[in-house]
Structure formats: C-alpha cells, structure tokens
Amino acid sequence: MTPVERLLRTKPTERIVAEGGHGEGGDLRRTMSLWQLTLFSVGATLGTGIFVILGQAVPKAGPAVVLAFVLAAFTALLSALSYAELAGTIPVSGSSYSYAYATLGELVAWVCGWCLMLEYAVSVAAVAVGWGEYLNAFLSSLAGVVLPDAITRSPGQDGGVVNVTAIVIVLLATWLLLRGASESATANAFFVLIKIAVLLFFCVVAFTAFRSGNLAPFAPMGVAGITAAASQVFFSYIGFDAASTAGEEARNPKRDLPLAIVLSLAIVTAVYVLVALAAVGAMPWTDFDPEGTEASLSYVADLAMGATWPGLIVSFGAVVAIASVVLTVIYGQTRILFAMSRDGLIPRVFQRVSPRRQVPVANTLIVAAFISVLAGLVPLGQLAEATSIGTLFAFAIVNVGVLVLRYRSPELPRSFRTPFFPATPVLGAIMCVVVMAGLAGVTWLAFALWMLVGLVCYFLYGYGHSRLNAEVR
C-alpha cells in the first residue's frame, strides 16, 4: 500500500467491536446500567455553564433566551442522533475516534482523537481551575471563610502560586475512578441528582417571584439576538457524548448507549429551559449584566426570596456540578486513550488493565498527573477556548461517519437508526461548521497550533507503531 492509502485505511467495524473490552493484562468489566450511562452524560454536560451562562446570554436575546436554549438543543440533537447510531453500531470506548477509524481512515481518526484530547484534558483542567472560585464563594457565604489567592489561582494570576484547589478536585476524581467503573458511576449519579435538585430548587424559588411583565418584550433583539445567544449557550450542551466512551463497560451497550445519549440531552434541555424561564421571569432581562456577577443564579435566587440562604444552596450546587464534570470527563479521556493505545497509535501503557480493579490504572494516573499540572500551574487562556472547536470538529466527523457507514456497509446490524436520513447528519455537520465559523480568530489560531503538534506526534510515533499499518508491511 502507498503511504497515502495507509493514512486513509479504515479499520473493519467487526474487528473494532470484537476487540472491545480487552486490554493488556486484563479486561474491562461490564457493570454500567442505562441509568448510570445516562447520568454519566448528564454529569459531563450539566456543569457550571448554566450557573453563569445566563448572565452572558440574556442581554443578547432578552426573555427569548428560552428559545435560544431550545435552538441550541436542536443543533446538539442533530449530532446526538448520529452519535446514537454509531454508538449502537460500534459500542466501544473510543467514541468518535473509533467511529472515524471505521469510516474515514486512520489519519482522520488520529485527528479526531487529538481533538478529543483537547476537549477532555484541557477543558477539564479549565473546569477544575474554576472549582476554587466556586468553593470560595460557597465558603464565604456559609462561614465568611476565604481561601488565599496563592492556592486558588494559577501562576500569572493575581497572587497565584499553585492552584491547589484545582489539583485537589482532580485527585479526588482520580481516587474514585481507580476504585472501579461501577463505583465511579454510582458517585456520579449521586452528584448529578444533587445538582439537578439544586437547579429545581432554584426554579421553585425563582417562580415565587415570577412576573409575566418581565417577559415583555419577549424578543427585543429579534431573530438575530436569539441565534447569537443560541451560539453562546450551545457549549452548555457539550458532554452529551460522554456515555459513548463507556461502550466497553456497559451491560447492554447496543441498546443502552443510544438511549443514554438521547435521554441525557432531553434531561439537560428540560432543565436548561426551565431554569432560563424561571430566571428571566424573576428578574427583568435588562438587569442581567454580562460583565458582572449580578446575573448569576445565586443572585437571582437571593433577590427572589429577599434572603441570602437560597444563593448559598445554589453556590453549593455549582461546587457539586464541577466535581461531577471533572469525574466524568477524566473517565472519558482515559477510555479514549485506551482505545487509541490498543490500535498502537500511542504507547501500550495506556491499554494496561489492572486484573484486580478491572480499570486502566496507569492510564488514569498519567491523565490525572497531566491534568493536575495543567490545572495547577498553567494559565490555559485561549487553549481552553479552543476546546470548543475541537469538540465541534469531532461532532462533524461523527455526522459524516454516519453517512459513510450507511452507504458503505448498509448490512451492519444497527440498534438505532438516525431518523430522516440523510438530512439529519448532513444538517448536523453543516451546523457544526456554522458554529465553528463564528468563533474568534485567536481561538482558531490556538486550535491550528494544537493540530500541528498532533500531526507531528502522529508521524513521529503513531504512523510507525500503528497495528493496522504493521499488517501490510
């Protein structure tokens, strides 16, 4: 085969599925139920975004921010349906990396996997960095305690030395992950139920101050304002694909993975729309300040009740929300690396499974160490924002992958089929490109640099160690 043919060679779907669950030294354990898989995706999606995003989105759309969340959900749904089909057809840990390998070839799969590293590792480090700020806000409201800047901020920030709080939450998540997939899923379910309860509590409080007059005019900025707000809140939906990284630890992956992906998006959308409606109904949209903290859910809750204790409960929900995101996203990162290692594209250490714990221990520790360094010592800046492009690129690849696999292998058994094919995946890919095009130039530059580093890594290591390429030499 020519070098170009090797780069574009796909891995047979049957082989990807057959290798599922098997690592070096042991196998992963199938323990996750549909309920746990659904809450895994909800845990990765329902993060701090909803606690702060309203303050930035409401001034763009006014009360019609509710429609902006619905529009963003529709955009996410297009890709979610494609994920559901491929997750049911190729139920393995690699998520969109494995789907790309089966449909578009090794080089595209590597680029997709590299994008997922950006989405998972860098974004979770950025989220962990913010945990100290939310913890400070909660402790300050609860007991007047404020942690020093030296341990809650990264070097380069005012007073920052080492962001110890970010490292602590990463280490706590790592400890849970090392105990086993089932234990991690149980802990995540507990976290998710708490933050959903907190958000429902906010809705109850805010609806006590609901004024229909606050919803008029409903769309002061028109359709343009709604679409601008939808582009912003779209990133609050990123994470619904987390269940697809658990394909080799699900009890009934062909049935449960598609259901978990779609159900998690439905749950998150319902919560977002309810919270948005409660917030804009309780406080005039003109009072939402995108530059300040006045528009946080805590502030709206306090305003609605005329007391400070509701905001304290909401702040606690934000602290729990970050913990859940850190746990689920680190899990997803380790399983994607597990699949890439099994294909030979990264070192074998990432596919080693502990026979006793039935989890990739070395993989988890390496990822935790890397994220801890990022979160504790590195100001992430534009690189963290570039995770948005990385995620959207992976979404686009999955939409294209559905098209390719349907036409190339129509005989494959599929437990879920994307409705309105081929319109749904085509529109899904187009919407991903449209949202990507609206991102800032400096974000594109950070993404381009990340891709350049990824291609260098592939040609220095992955191309020469690929198991698929080794078979044709």
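The values are calculated or read from the model by the stated rules, or taken from the named source; none is laboratory data. Fair warning: this is a prediction, and the values are worked out from it, not measured in the lab. Neighbour counts are summed over all protein chains in view; Cβ atoms, including those assigned to glycine, are modelled from backbone coordinates with ideal geometry.
Annotations for the structure displayed:
- Being at pLDDT below 90, under 25 Å from Y331 (Cα atoms) and surrounded by 21 or more Cβ atoms within 10 Å (Cβ to Cβ) holds for only one residue in A396, A386, and it is A386.
- When residues of region 428-449 are limited to those that are more than 22 Å from V122 (Cβ to Cβ) and in contact with a Phe, Trp or Tyr (Cβ under 9 Å, 6 or more places away or on another chain), the one surrounded by the fewest Cβ atoms within 10 Å (Cβ to Cβ): M431
- Filtering region 361-412 to residues that are among the β-branched types (V, I, T) and either under 29 Å from L28 (Cα atoms) or outside any helix (DSSP H, G or I) (or both) leaves V361, T364, I366, V367, I371, V373, V378, T387, T391, I397, V398, V402.
- Annotation note: of F201, F138, the sole residue that is modelled with pLDDT of 95 or more, closer than 30 Å to A278 by Cβ, part of a helix (DSSP H, G or I) and over 23 Å from the mean Cα position of the chain (by Cα) is F201.
- Count - residues of region 335-379 that are among the hydrophobic types (A, V, I, L, M, F, W, C), surrounded by fewer than 21 Cβ atoms within 10 Å (Cβ to Cβ) and within 30 Å of D149 (Cβ to Cβ): 7
- When residues in region 450-473 are screened for being loosely packed, with under 14 Cβ neighbours inside 10 Å and under 30 Å from R255 (Cβ atoms), 1 of them pass.
- Every listed requirement among (1) crowded, with 17+ Cβ neighbours inside 10 Å; (2) of a type in the set (D, E, K, R); (3) farther than 30 Å from V359 by Cβ is met by D158 save one, (1).
- For region 296-314, a residue qualifies if it is within 18 Å of P59 (Cα to Cα), of a type outside the set (S, T, N, Q) and within 24 Å of the chain's Cα centre (by Cα), and exactly one does: L297.
- Here the condition is being part of a loop (DSSP other than H, G, I, E, B), under 26 Å from the mean Cα position of the chain (by Cα) and among the small types (G, A, S); of G317, G344, G332, it holds for G344 alone.
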